[in-house]
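To start, the structure itself, in structure tokens.
Every number in this text was worked out from the coordinates using simple rules, so none of it is lab data. Quick caveat: nothing in here was measured; it's all calculated off a predicted structure. Here the Cβ positions follow ideal geometry from the backbone for every residue, glycine too, while neighbour counts run over all protein chains shown.
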Amino acid sequence: VVIVSTKFAAISEGRIIQTNTIHVSDYAQHISNRYRIKSKTAEVILRESDYTLGGMNGFVLAFTNGMMAPNAGIDASNAGHDSLIMYPASPHKTAETLRRRIFLDTGILVGVILADSRLMPGRVGTVGVAVACAGLSPVIDMRGRSDLDGKPLKVTFQAVADSMASAGNYIMGEGSQSTPYVVVRGSNIVTGGYTMPDDSMYVDPTQCIYRRSLSRS
């Protein structure tokens, strides 16, 4: 399994915007004032978001490409002067393109995960999360299997891609490590030439505890 930094993939696709080219809308200015975010950053966040659900100083809680992403994944670090890095326009397509290119170059069927860092509710520090993947099943449905006491599991899904992304994110680091990808061997994850639907990693909004709680607050 090859785990690739989402930022690294985005840069390779030219998903960098110069702030001097950004026109700030009235609503972006409102978001900027409310959450103390640079106005041009706020504008790009809104452009890249499917929708937003509030925020706090420095952050807007956005949903993009079906997933929760503070500031829609927009990042100014390692972007150069007066530039912002966005997510790949189609993360799952990017992962599939990488998977196919690796196969053409090496003849090996690998799984590819695009990983980014994410804050967890109520916890200090970041963990990794899979923004997209290809060539592997991102979740394992554990429902119907037995726990240690023999009782059937009723709601459990194992987030394989997210677990792998978190391990990879630890190795890639958050600072100046300059490690844009890692290769994981011996994971026993089945990889192949299949792809999963783009929404296969995402829970329906009506069933997500965070979305439902935030939308009702």
Computed magnitude of the charge dipole of the chain (debye, nearest 20; Cβ of K, R +1, Cβ of D, E -1): 320 debye
Difference of contour (0.36 nm per residue) and Cα-Cα distance, residue 212 to residue 147: 20.5 nm
Estimated FRET transfer efficiency when R0 is 22 angstrom, pair residue 47-residue 176 (beta carbons, to 0.05): 0.15
Estimated inter-spin distance, residue 108 and residue 12, nm [label 7 Å along Cα→Cβ]: 1.5 nm
All lysines inside 28 Å of residue 93 as judged from Cα atoms, apart from same-chain residues fewer than 8 positions distant: 7, 40
Normalised per residue, the volume of the convex hull around the Cα set of the chain (Å³): 150 Å³
Principal-axis tilt of helix 91-106 within the chain, Cα atoms, nearest 10 degrees: 50 degrees
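Tell me, in nm to one decimal, what length is gained between residue 89 and residue 126 on full extension, where the rule is 0.36 nm per residue of separation less the Cα-Cα distance?
Length gained, residue 89 through residue 126: 11.0 nm.
Grab the Cα-Cα distance for residue 82 and residue 183, subtract it from 0.36 nm times how many residues apart they are, and report the gain in nm with one decimal. Write down the numbers at each step before the final one.
Working: separation 101, 0.36 × 101 = 36.36 nm, distance 3.26 nm.
Net length gain for the segment: 33.1 nm.
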